[in-house]
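Structure first, commentary second.
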Amino acid sequence: MDKIKSISVIGARPNFVKVAPIIKEMNKYNDIKHLLIHTGQHYNYEMSKIFFNDLDIPNPDFFLGVGSGSHAEQTATIMIEFEKVLVEEKPDLIIVVGDVNSTLACSIVASKMLIPVAHVEAGLRSFDRTMPEEINRIVTDSLSDFLFTTCHDANKNLEREGIPKEKIHFVGNVMIDTLKNFLNKSENSKIRKKLKLLNENYIILTLHRPSNVDNKSVFVSIIKALKDIQKKIKIVFPAHPRTIKMINFFKLNNEFKKMKNFIFIEPLSYLDFLHLVKRSKFVMTDSGGIQEETTVLNIPCLTLRRNTERPITITEGSNILVGNNYKKIIEESFKILNGQVKKAKIPELWDGKAAERIVTILRNNLT
Ligand code: UD1
């Protein structure tokens, strides 16, 4: 019997976390030949290589080295380079995860070459087309042959868009597979010692969305809230490269330096980040995946966005939307600091076995 040749695509930081358990699962089967492509959308050591080490991801078989650029430039370069690989390799399947530009670019190329596309984390919708990721989600889903979802509302979104039911598979959350696989290992992290947080209360902040950091007055109002919060509790801020770029551009460096209880650091490795989140009082973020990780860890999460494509983290989890409004951020932060904490329930099938279900479905359909 011929082997199934499958190519998984990774490009940006959250992709690495999602693909790790799928590769591990695929490697269990002799009837699958698995190849990995890194587009190079993220290329800094802290944004990329360190994740391979932490999550035991093998070296990619192909590295496209596309780097940064405008959305069109980045997407187009990935498409051109990815097409060359597909022409050469002729895979039976490509697997894309999440909603980044690499996800979109590769699903367009594969579907035009009539190569089946599996989209992991399909069906999430913020219903906000000002987010580049929302466009990536809609287009990728419309082209995919296997749509693997993390929750029932994603199934409903896809059905509403006319995707045939038989293409949609509710399998759980691969990001939570990784969290469960690496939680024990993260206990050994020395990051609290390094940051002198062993006996300290702290919160974690992540911030990188264009809607928060590309507009100076919005960014300034978030900083104003941070100034007040750090008077009560230490804030640890692993800063994304695009945020650092915007801080320099808007000349906001001094605003951060003035805060005495604010720890400004480089992006963290997966294990260090997980270690810190698990022990934090709460997390403030505009990331997608962190809303899910905090829900599973039962750590309060304040999401600095007006909407979320992950509403289950609000209805069942520990997540609260605070937008970028000073008053709301302060109000919800101080509630948590005063002990008013929302309790989280772990959503259905977020049990560490999503990759197992995905690979079973793929083998049943492709062999
Ligand atoms: C991308 C994803 C976003 C995801 C985020 C996680 C898209 C549209 N966005 O956003 O959904 O939440 O990754 O981190 O795909 N840069 C570096 N080094 C790097 C990577 C980026 O310096 O390794 C800088 C560059 O200046 C670049 C900017 O960050 O222009 C933005 O990078 P890009 O990959 O375009 O998008 P992200 O904002 O990282």
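The values are calculated or read from the model by the stated rules, or taken from the named source; none is laboratory data. Predicted, not measured: the structure shown is a model, and the values here were computed from it. Glycine also receives a Cβ, built like all others from the backbone with ideal geometry; neighbour counts cover every protein chain displayed. Remember, those area values only see protein heavy atoms, side chains included, never the ligands or the DNA or RNA. Shrake-Rupley method; radii C 1.70, N 1.55, O 1.52, S 1.80 Å.
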Residue tally, condition among the β-branched types (Val, Ile, Thr) and within 16 Å of the ligand (Cβ to nearest atom), over segment 5-45: 6
Test result for LYS180, without any contact (Cβ under 8 Å) to a residue 12 or more places away in the chain and under 28 Å from HIS208 (Cα atoms): no
The one condition in (1) part of a helix (DSSP H, G or I); (2) touching a residue at least 60 places away in the same chain (Cβ under 8 Å); (3) open to solvent by 10 Å² or more (accessible area, probe 1.4 Å) that GLU46 fails to fulfil: (1)
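Rundown of residues vs (1) assigned to a helix (DSSP H, G or I); (2) of a type in the set (D, E, K, R), yes/no style:
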position	(1), (2)
LEU276	yes, no
ILE290	yes, no
ILE299	no, no
ARG306	no, yes
GLU309	no, yes
ILE314	yes, no
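Give me the residue from segment 54-101 that is on the phi > 0 side of the Ramachandran plot and away from the ligand (no atom under 16 Å from the Cβ) and, out of that set, surrounded by the most Cβ atoms within 10 Å (Cβ to Cβ).
First pass over segment 54-101, keeping only residues on the phi > 0 side of the Ramachandran plot: 56, 65, 67, 69, 90, 98.
Of the ones still in play, those that are also away from the ligand (no atom under 16 Å from the Cβ) are 56, 90.
Numbers: ASP56: 12, LYS90: 10.
The qualifying residue surrounded by the most Cβ atoms within 10 Å (Cβ to Cβ) is ASP56.
Condition check ((1) crowded, with 23+ Cβ neighbours inside 10 Å; (2) more than 24 Å from LEU226 (Cα to Cα)) across all residues:
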residue: ASP272; (1), (2): no, no
residue: LYS278; (1), (2): no, no
residue: PRO300; (1), (2): yes, no
residue: ILE312; (1), (2): yes, yes
residue: LYS328; (1), (2): no, no
residue: ASP351; (1), (2): no, yes
residue: ARG357; (1), (2): no, yes
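With segment 208-269 as the region, which helices (runs of 4 or more DSSP H) entirely inside it contain at least 1 residues that are within 24 Å of ILE50 (Cβ to Cβ) and at pLDDT 95 or above?
By residue number, 210-213, 241-249, 253-257.
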All positions within segment 189-216 that are among the polar types (S, T, N, Q), open to solvent by 90 Å² or more (accessible area, probe 1.4 Å) and either assigned by TED's automatic domain parsing to the domain that holds THR130 or in contact (Cβ under 8 Å) with a residue 24 or more places away in the chain (or both): ASN201
Which listed residue is closer than 30 Å to GLY352 by Cα, away from the ligand (no atom under 16 Å from the Cβ), among the aliphatic types (A, V, I, L, M) and over 21 Å from the mean Cα position of the chain (by Cα), from LEU198, LEU183, LEU226: LEU198
Residue count for segment 118-127, restricted to those that are surrounded by fewer than 24 Cβ atoms within 10 Å (Cβ to Cβ) and more than 13 Å from the ligand (Cβ to nearest atom): 2
Selected residue [out of contact with any strand residue (DSSP E or B) (no Cβ under 6 Å at 6 or more places or on another chain), assigned to a helix (DSSP H, G or I) and assigned by TED's automatic domain parsing to the domain that holds VAL87] from LEU124, LEU104: LEU104
Unmet requirement for ALA105, which otherwise passes all of (1) surrounded by fewer than 19 Cβ atoms within 10 Å (Cβ to Cβ); (2) within 12 Å of the ligand (Cβ to nearest atom); (3) more than 14 Å from the chain's Cα centre (by Cα): (1)
Matching residues, segment 190-223, being among the aliphatic types (A, V, I, L, M) and either touching a Ser or Thr at 6+ places or on another chain (Cβ under 9 Å) or on the phi > 0 side of the Ramachandran plot (or both): ILE191, ILE203, ILE204, LEU205, LEU207, VAL213, VAL218
